[in-house]
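Reading through the structure tokens given below for one structure.
The values are calculated or read from the model by the stated rules, or taken from the named source; none is laboratory data. Fair warning: this is a prediction, and the values are worked out from it, not measured in the lab. Heads up, the Cβs are rebuilt from the backbone with ideal geometry, glycines too, and the neighbour counts pull from every protein chain shown.
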């Protein structure tokens, strides 16, 4: 039988197995190799919600999806072309993600009686046969048996040998998608540098999996995916949370002030605190506080002392911080609040994604408490937006809310490394020491510059001793003031100061399409990839649709209103019940239609495209 | 860059006086409030710190006591209810060079801010905590507080409070405080010496000050503070000295095993040599001292101790944080941003 070689423009593979099967490692190795092959790609891990769910059960299934291609890739893919399942539970949990007629690569050893029972199949069920009957192409491999056979002479224990099963499978996939093995071989040698026996065994399993695929003619087709046209540069793979860590470290290294992170662990934001706590030699001090309130309060204390105070959390944690964010608004000190959003109110779905904290960011505080709001659109974008949030917080002496979500926090994509000299140092307005003798002018802590920004007067600086607090302050001296006109003035000043940030941010650009037309799709945050894909596909189908994606949510870019008014219809897709839609309607008095889903998962490209086409045609 | 460029540190010229630490703001506590004395004593203390006003920061939460920073000509922050210890923690970790003071009350520290005070104490930052305890909510006009005695009738406990009160010093020791002391507004001289000890101690100093709220809880502490009663109800602790009280040191406290008991030194049965000798370094004895918390209006009850219960040296949190940073610097050198951003694996597209 001869094997047909096929070119593919894009492929989505989903790896699934028990938490102990090394699925995430397999996925990340396939990702690295694919990146080195020059494809564009996007990945998303699907962890089980339980830390140690019983082995073999549906609750214990770990997944990893990679979407790669010879064209620009913006999402990890709605549905997969290839589903790799290490056991029955993995098939049960993931078959719904496989395209009809797609390929299943099944480890038959994971489909024994016990596996079926753990996966809650009936004893008489034959899920593999059923899948075949439903039109899927099923490739059956007894991975356990083959790996044990392959490694029988290594002198390793059976337990150690079984841990290499994932490499055998990876070998099969490398052959199927014509990928080179060298990067994974190098990785294994690095990872097991101190255990050369284990490294060798894993490499042998990888090679034997590759050879097995050739020798047994498992597949009738083999695929190749050409390199994508990618902007030249040096790239690495990065998750959103890691990009925030690097963004914060970059601000600390490039600027003349230290950074302080006060945080309390919370899913899905904890990786930021974890990451920065390992960077003690980068000018960032981390503090794991006793609770969310102490986390933000400590950041405010540090900001008062001349560090940039940052706090990281998720929606429920930000709710606890809201009073302190109000305080920072009154104090007019720099503060960055990172909200890695998760699904639902209260505990909700902590490991799932949603965009439903936008209203909280806009309005979730007592009194008139304006803050700046930014959002990140992809894992790599988190770096730039973090840097920008820190810049605005310091240069405008204001709390800045940075919204990401669980999807981009854990998802990964290639990131083009920035050129460090191009990372502009953040410019703090530190007030200089002064002689407070008789002829010295009194220091006025709330006297503003032309952008309504007050000075950063740091303890230890001679002549600047002053008191600030949450009580309303006189507009210059900062002393307590109950004067009605002063309160009106200060309320307006705080708002105007926030609004004037619009003078320091770029104009909104169109991401796709013309500046006028029939339909404009407006997005923010993690829906970028989905919207971008849906709009591009709809445009390829001849639809008159444009797309703009907002990074700056408050204030909006100055030209946003005029861009919006250039279209007959506006569609705002969001993973919430229509929060940006409402804000845009209120702000610009334009009819805005929402496309809203709250299922804890990213929006589907196909579904959104259908909506776009329907709106373009009506 | 990781170093502080702002602090223009100055050494004291030695000429500063208490009045130099008073701000230009009108002090607005009720006439006769115990806070006035405490403010005066703190201002009297300030020149002794040997620091310029700009190197001192007062942080407060919410409540009558928490207005304190406005009246000090130092740096100050009037924060939000209960959170002063957390704000001060961030400040002190970021700026170990500053002298940081937290002024708080029984509601602020022990009720809404209870979680922060215990964590501040266990971490042992070099922060001075002045807890003005008046056993009532004053700023909200007279509701019971977490230190109000059981049965106290207030606006929200018309039939008497059913809450069992906190014993603040026992709470502090339970949170592994390294310094715990008690003073009263009505004995300014002793208060001054306690403030000095509070300032001297390296680590979190917890000073509870009995403070009379003249409007909503007048006389709450009069059994201890009234000059006519003080002798028989208050016991002034001195390191290395036996526990004596009463007019002419008529009484003493001895330990019967772990049980403190009052002995009459005039009886001829007991002498000072039989008494419990105070040792500020002895955590076990400090525990026992906090148990001297009886209602002293009743006959034969143990006296209420004033003074330093415990003063124990142990590393401060901010020092441990700095040590880890220095160790990381030594081991890896100053962080290389290029290397950090590059990570472990990259690829180049041409």
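Tabulated results
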item: Residue in the range A:410-467 that is surrounded by the most Cβ atoms within 10 Å (Cβ to Cβ), counting only those that are closer than 30 Å to residue A:377 by Cα and free of Cβ contacts under 8 Å to residues at least 12 places away in the same chain; result: A:419
item: Selection status of residue B:255, assigned to a strand (DSSP E or B) and either without any contact (Cβ under 8 Å) to a residue 24 or more places away in the chain or within 20 Å of residue B:190 (Cα to Cα) (or both); result: no
item: Test for residue A:573: is it crowded, with 19+ Cβ neighbours inside 10 Å and either in contact with a strand residue (DSSP E or B) (Cβ under 8 Å, 6 or more places away or on another chain) or not assigned by TED's automatic domain parsing to the domain that holds residue A:341 (or both); result: yes
item: Residues of the range A:266-293 classified as in contact with a strand residue (DSSP E or B) (Cβ under 7 Å, 6 or more places away or on another chain) and at pLDDT 95 or above, total; result: 14
item: Criterion (away from chain A (no Cβ under 11 Å) and touching a residue at least 24 places away in the same chain (Cβ under 8 Å)) met by exactly one of B:91, B:120, B:131; result: B:131
item: Of the criteria (1) within 14 Å of another protein chain (Cβ to nearest Cβ); (2) closer than 25 Å to residue B:120 by Cβ; (3) in contact (Cβ under 8 Å) with a residue 60 or more places away in the chain, which one residue B:334 fails; result: (2)
item: Residue pairs meeting the criteria (Cβ under 8 Å; at least 6 apart or on separate chains; first in the same structural domain as residue B:120 (by TED's automatic domain parsing) and at positive phi, in the range B:304-324; second surrounded by fewer than 21 Cβ atoms within 10 Å (Cβ to Cβ) and part of a strand (DSSP E or B)); result: B:307/B:236
item: Lone qualifier among A:521, A:592 - being crowded, with 23+ Cβ neighbours inside 10 Å and touching a strand residue (DSSP E or B) at 6+ places or on another chain (Cβ under 6 Å); result: A:521
item: Tally, over the range B:264-284, of residues that are closer than 15 Å to residue B:249 by Cβ and part of a loop (DSSP other than H, G, I, E, B); result: 9
item: Identity of the residue in the range A:460-476, within 37 Å of the chain's Cα centre (by Cα) and outside any loop (DSSP other than H, G, I, E, B), that ends up nearest to the other protein chains (Cβ to nearest Cβ); result: A:469
item: Single match in A:409, A:457 (criterion: within 30 Å of residue A:245 (Cα to Cα), more than 8 Å from every other protein chain (Cβ to nearest Cβ) and within 24 Å of the chain's Cα centre (by Cα)); result: A:409
item: Residues of the range B:309-325 that turn out to be assigned to a helix (DSSP H, G or I) and in contact with a strand residue (DSSP E or B) (Cβ under 8 Å, 6 or more places away or on another chain), as a count; result: 2
item: Cβ pairs under 7 Å, 6+ apart, first in the range B:51-71 and at positive phi and modelled with pLDDT of 95 or more, second surrounded by fewer than 24 Cβ atoms within 10 Å (Cβ to Cβ) and outside any strand (DSSP E or B); result: B:63/B:139
item: Scope the range A:320-339; condition free of Cβ contacts under 8 Å to residues at least 60 places away in the same chain and in contact with a strand residue (DSSP E or B) (Cβ under 9 Å, 6 or more places away or on another chain); matching residues; result: A:320, A:321, A:324
item: Selected residue [at pLDDT below 95 and touching a strand residue (DSSP E or B) at 6+ places or on another chain (Cβ under 8 Å)] from B:300, B:252, B:268; result: B:300
item: Failed criterion for residue A:296 (all others in (1) more than 8 Å from chain B (Cβ to nearest Cβ); (2) in contact (Cβ under 8 Å) with a residue 40 or more places away in the chain; (3) farther than 28 Å from residue A:471 by Cβ; (4) in contact with a strand residue (DSSP E or B) (Cβ under 8 Å, 6 or more places away or on another chain) hold); result: (3)
item: The range A:220-263, residues that are within 11 Å of chain B (Cβ to nearest Cβ) and in a loop (DSSP other than H, G, I, E, B); result: A:227, A:228, A:229, A:230, A:231, A:232, A:255, A:256, A:257, A:258
item: Among the residues listed as A:306, A:301, the single one being more than 30 Å from residue A:51 (Cβ to Cβ), part of a loop (DSSP other than H, G, I, E, B) and at the interface with chain B (Cβ under 7 Å from one of its Cβ atoms); result: A:306
item: Number of positions in the range A:330-345 that are modelled with pLDDT of 95 or more and either more than 12 Å from chain B (Cβ to nearest Cβ) or more than 30 Å from residue A:428 (Cα to Cα) (or both); result: 11
item: Within the range A:137-195, helices (runs of 4 or more DSSP H) holding 3 or more residues that are under 24 Å from residue B:344 (Cα atoms), in the same structural domain as residue A:112 (by TED's automatic domain parsing) and out of contact with any helix residue (DSSP H, G or I) (no Cβ under 8 Å at 6 or more places or on another chain); result: A:182-191
item: Residues (part of a loop (DSSP other than H, G, I, E, B) and in contact with a helix residue (DSSP H, G or I) (Cβ under 8 Å, 6 or more places away or on another chain)) located in the range A:315-344; result: A:332, A:333, A:334, A:342
item: Which numbered condition residue B:250 misses (of (1) farther than 21 Å from residue B:171 by Cβ; (2) crowded, with 16+ Cβ neighbours inside 10 Å); result: (2)
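Matching residues to (1) surrounded by 15 or more Cβ atoms within 10 Å (Cβ to Cβ); (2) outside the structural domain of residue B:93 (by TED's automatic domain parsing):
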| position | (1), (2) |
| --- | --- |
| B:257 | no, yes |
| B:265 | yes, yes |
| B:289 | yes, no |
| B:302 | yes, no |
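Residues checked against (1) farther than 19 Å from residue A:143 by Cα; (2) modelled with pLDDT of 95 or more; (3) within 14 Å of chain B (Cβ to nearest Cβ):
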| position | (1), (2), (3) |
| --- | --- |
| A:9 | yes, yes, no |
| A:19 | no, no, no |
| A:24 | no, no, no |
| A:27 | no, yes, no |
| A:48 | yes, no, no |
| A:52 | yes, no, no |
| A:65 | yes, yes, no |
| A:70 | yes, yes, yes |
| A:86 | no, yes, no |
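One line per residue, one yes/no per condition, for (1) more than 15 Å from residue B:117 (Cβ to Cβ); (2) at pLDDT 95 or above; (3) in contact with a helix residue (DSSP H, G or I) (Cβ under 8 Å, 6 or more places away or on another chain):
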{"site": "B:161", "(1), (2), (3)": "yes, yes, no"}
{"site": "B:168", "(1), (2), (3)": "no, yes, yes"}
{"site": "B:176", "(1), (2), (3)": "no, yes, yes"}
{"site": "B:187", "(1), (2), (3)": "yes, yes, yes"}
{"site": "B:194", "(1), (2), (3)": "yes, yes, no"}
{"site": "B:199", "(1), (2), (3)": "yes, yes, yes"}
{"site": "B:210", "(1), (2), (3)": "yes, yes, yes"}
{"site": "B:215", "(1), (2), (3)": "yes, yes, no"}
